[in-house]
Amino acid sequence: MVFKNDAAGRLVAEVRQEFGRARLVVGVDAEPLRQKRRRLWLDFLVFSLSLALLGGVLSLLLYRQQMAYLATMQEYDRRLARQREEAALGRSAAAIAHEIRNPLNAMAIAMQRLSYEARELSAEHRQLVKVLLDSVKRTDAIVEGLLRYAAMPQSVSRELLDFAGLVREVVDLYAGQFAAAGIEVAVAVPAALSVAGDRNLLAQVLENVFRNAIEAQPEGGRVEISARVRGEEIELQVSNPGKLPGRDEMEKIFSPYVTLKARGTGLGLATVRKIVLAHEGTVTATIRDDAFVLIIRLPAAGSQ
């Protein structure tokens, strides 16, 4: 059998049979066969491309799932590391409380008696006793702060509360301190923002954040407080200029005993993070428009 094109360009299949000097030639139109073969090749090409595309999509989905799994495991490892760190901190705090607070109390009592009863002390010596007593009290406050931080629970009780009202209440509580420090306060908080959480602990978060904003601006400035609903979360932003942390400091700013202040304990923002995490929220910090911006997100009431 021979395939060739006829004068019209169509494919023809010819069969030739010799009978002595005679030859029998039978031609059959093979154009449908060629079209069928083209369709088969086209179908094969489409099938191959589809298979390759499906393989690529499945590979991408598998890659994303694997990356999500790795991210989940990394977050789990970070939380486990934090829990271990805080457990170790709790044990250290207990040891510190036992080993240091008793001598501190004895020193404080002795210096108080010395100040009250030693009439022969000069004014200069009395001032030195006062400086020592203030230092003992400050050290005791640091130990007390460490104990409170270490004893803070990993989970909290939940009650429905008006978060917007709580923000305004704490702002009013700190109005005198803002005014005394020469700090202008701008508040943009909607009337109705509800979360489920511990009112006292969330008030402590706000107090720490506002105190941090005041201490960052010893010569006066401005604090902007705003809140909004973002999906299933309540987002609170507190922005203030002043002394801004560097990039390395930003990465460690929520760690215990990391502070930019000369006399800070470094537990303020660490406490904020611990309380927010206990409420299944997040807290981040960034520098925006030459201002330090603290962003706290909490699950809105009913979204848990």
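Computed packing ranks the peptides 243-249, 17-23, 181-187, 159-165 as 159-165, 181-187, 243-249, 17-23, most packed first, by mean other Cβ atoms within 10 Å. Sorted on the mean count of surrounding Cβ atoms within 10 Å across their residues, most packed first, peptides 49-56, 95-102 read 95-102, 49-56. In the range 159-299, Rg over Rh equals 0.93, where Rg is the alpha-carbon radius of gyration and Rh the Kirkwood radius from pairwise Cα distances. Computed from the C-beta positions of Lys130 and Tyr69, the FRET efficiency with R₀ = 45 Å rounds to 0.15.
With neighbour counts taken as other beta-carbon atoms within 10 Å, the residues Arg10, Arg82 rank, fewest first, as Arg10, Arg82.
Computed from the coordinates by the stated procedures, all read-outs in this text should not be read as laboratory data. Predicted model, so just to flag it, every value in this text is computed and none were measured. Heads up, the Cβs are rebuilt from the backbone with ideal geometry, glycines too, and the neighbour counts pull from every protein chain shown.
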